[in-house]
Amino acid sequence: MADTTRKFALLAGAAAASLLVHSAHAQVPGAAVTPLDAVTTSATRTSAVAGDAATSVSIVDREEIERRQGQSIDDLVKDLPGVDANGVPRNTVKQITIRGLSDERVVIRLDGVRDNFSSGHRGRIFLDPDLLKQVDIVRGPGSLLFGSGAMGGALNMRTIDAEDILKKGATLGGRAKVGYQTNNSERMASLTGAARASGADVVANVTRRSNGNFHDGPGTDIPYSGDEIWSGLFKLGYDIAPGNRIGFSTIQFRDDHTIPLDANLGNSTATSSIVDRDTAQRSYAINWAYASPTNRHLDLKTNIYRNEVDIYEKGVGGSATTINRRDATKLRTNGYDLQNTSRFALGGSDAHALTYGVDGYADGQDSSRNGAPRTDYPVAEQRVYGIFVQDELDFGKWVTLTPGLRYDRARKSATGSATTSDVEHFSPKATLAVHVTPWASPYVSYAEAFRVPSLTELYVSGQHFPGNNWVPNPNLRPETAENKEGGVNLRFSDVLRPGDRLRARAAYFVNDVADYIQEVVTATTSTVTNVSSARIKGGELEMRYDARTWFGAVGASALRGDNLATGQPLSDTPADKVSFTLGYRFLDSGVTLGGRSVANAAQDRMPTGSQTTGGYAVWDVFASWQPTDELLRDFRFDLAVDNLFDKAYRRSNWNTSAPSARFYETGRNAKLAVSWRF
């Protein structure tokens, strides 16, 4: 495996060198920016340039989102270092993996609304990617910022605003978009309207997607992988005064599809126990931000939200028991987030940015089967709240120190259980960045994170499978993580031509996870317990270059996960990965052409008895055209082909079943979208 890692490092270096050699031919001057120049609040809760943050954070911007024409969030982030997805190739059950940790060990937020849903393998992300303005992936433990669950990191998503739809200077307008994808015959149509006047702005969208079954690389039909999806967005904002803004938003999602219960892992070939599943998610949020133009101690942000998830399943195939089954699975989350940042000089520091606040949420879950409570998703509730403080201290132009501390408390209870679970935890974090030159800023960081056991993990009971019953364990301890990380941020301008930009980040980390929670199954019983400790370590590289005409990116990651209790490798650690993108913009005509490749090494570092996965490389090409002539200037055309050579491959995570029981990933997929702004 070490030899494989060296090969990937050489390939990443070669790709970067190729990118720079190609860009040397560009002679058109002008300012350029990369996604690492994007502003994010995901790294420290304050606005920061992603490439300058002493935290591993990657950005997917609006241009890239449109170019990729994603059917799921995985289509947007699959080439990022340290990031992968479970549940593929079925879109409806996908989950994001960050640094080898997934499920509830990754915090998911959409416009500040926390998504805590997790039930079996029914998926967690119910959203149309075309609604997104920006995706932030924070890698590494982040409980200081996000509370319970951020063991591997966080996925933060922001939806479009009126400014993303309206033409420059317009007060009323919209966008119509249609698309088609060949692999699963997907048809997509979207209509968005926006307006602004007298300090107010509004944007509203409705989107429809309809698709049949996917086909994998060898051309095999993946049954029950089609979807019928409606989604919508409404956002209203009002600028009360400069720096003083209030807003309301709601996002609606509904997916009607038929799926085998045994195929919830996504790539399983099982076709028994067929259910007609209706998935609905509704979120509502009210937010207020006030940055005083005269008082540097007042930069206030508040968000109050509600998130509702409903899944209804009706048996339509399989045994008589399945056909007669009617299941309902529900989660309600009410949450709040309040923070303020005070800026001042004190104690030898030229500048402090002291951020402090409180946040919390209450989850209530319930389920039924044919009208009776269902014990595999017990009726239960939890209340979690946290208090946090963080100080960003700048010592001249040379050193930035960012210490922080968070306290969380959680209380959980379940109907029919006499035991109440109470948990409290402190999560410290500290980073030190030294700006040794204008172009290099090495940093080190230490962060702790935790995850309180889920309501299902604590209170699950009843039959697991015939002859085997669940034993509840309300005394589960929270998982904890301690992460040590070192890295360097690099920034260069005018490297090969005036106005170009090169940004890069390299990082190495060691994440020790204690009290890891997992299922323990014996001949007659199953229980969820704290059984082991684990260590995940590795390195990541991300590089972005833009010269207005030529642009490109290189990403690479190599992770190693070990169960320290057994001495065995962890089963779901992604394989070594390298990706690169290279594109060219014809500025006079508005045409952009490019290609992308993602290569994964073989994953043979698995627990005894587990399946290994072969290495592979997948190639994509893309083209977009935004006409510059008067007649067509309001149109945009996007054409792409994913998996250009129809490669048959499987990812390494969720890979415990024999190859004969698993589908390959989706094969070649040609994609076309046309949008019109009016």
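Worth pointing out:
- Within the same chain, lysines fewer than 8 places from K671 are excluded, and of the rest, those with a Cα less than 24 Å from its Cα are K78, K94, K133, K177, K647.
- In terms of the mean number of neighbouring beta-carbon atoms within 10 Å, the peptides 143-154, 427-438 order highest first as 143-154, 427-438.
- Coordinate range of the alpha-carbon atoms in region 599-678 per principal axis, descending: 64, 20, 18 Å.
- Taken along its principal axes, the alpha carbon cloud of the chain reaches lengths of 72, 61, 59 Å, longest axis first.
- Compared with the direct C-alpha span, the chain from R282 to A241 gains 11.7 nm at full extension, assuming 0.36 nm per residue.
- Distance histogram for region 240-358 (every C-alpha pair counted, 10 angstrom bins, percent rounded to whole numbers): 12, 25, 19, 15, 14, 11, 4, 0
- Taking every C-alpha pair closer than 8 Å and separated by at least 6 residues, the mean separation divided by the residue count of region 265-365 gives a relative contact order of 25 percent.
- Modelled label positions at T420 and S526, each set 7 Å beyond Cα in the direction of Cβ, lie 3.0 nm from each other.
- Over region 496-625, relative contact order from alpha-carbon pairs under 8 Å, at least 6 apart, %: 17 percent
- Under Karplus coefficients 6.51, -1.76 and 1.60, residue-wise ³J(HN,Hα) of region 558-567 in Hz, glycine/proline x: 9, 10, 10, x, 9, 7, 6, 6, 10, x
- Using a Förster distance of 56 Å, the FRET efficiency for A289-L593 (Cβ separation, nearest 0.05): 0.90
- Ordering I517, P498, T480 by Cα displacement along the dipole of region 434-585 toward the positive end leaves P498 in first place; charges were set at the Cβ atoms of Lys, Arg (+1) and Asp, Glu (-1).
- Calculated mean residue ellipticity, 222 nm, the chain: -2000 deg cm²/dmol, from DSSP H runs (n ≥ 4) at -39500 (n - 2.57) each, averaged per residue and rounded to 500.
- Note on region 323-430: Cα-Cα pairs beyond 22 Å make up 54% of the total pair count.
- Computed over the chain: relative contact order in percent, which uses C-alpha pairs under 8 Å that are six or more apart: 13 percent
- When both bridge partners sit in region 2-677, DSSP labels roughly 95% of those beta bridges antiparallel.
- Scanning residues 5 or more positions from H435 or on other chains, those with amide H under 5 Å from its amide H are V399, T400, with H placed 1.01 Å from N in the peptide plane.
- Evaluating 6.51 cos²θ - 1.76 cosθ + 1.60 at θ = phi - 60° for every residue in region 633-648, the Karplus couplings come out as 5, 8, 9, 9, 10, 10, 10, 8, 10, 8, 6, 3, 9, 6, 5, 8 Hz, glycine and proline recorded as x.
Each value in this text was obtained by applying a stated rule to the coordinates, not by laboratory testing. Predicted model, so just to flag it, every value in this text is computed and none were measured. Here Cβ is always computed from backbone atoms with ideal geometry, including for glycine, and neighbour counts include all displayed protein chains.
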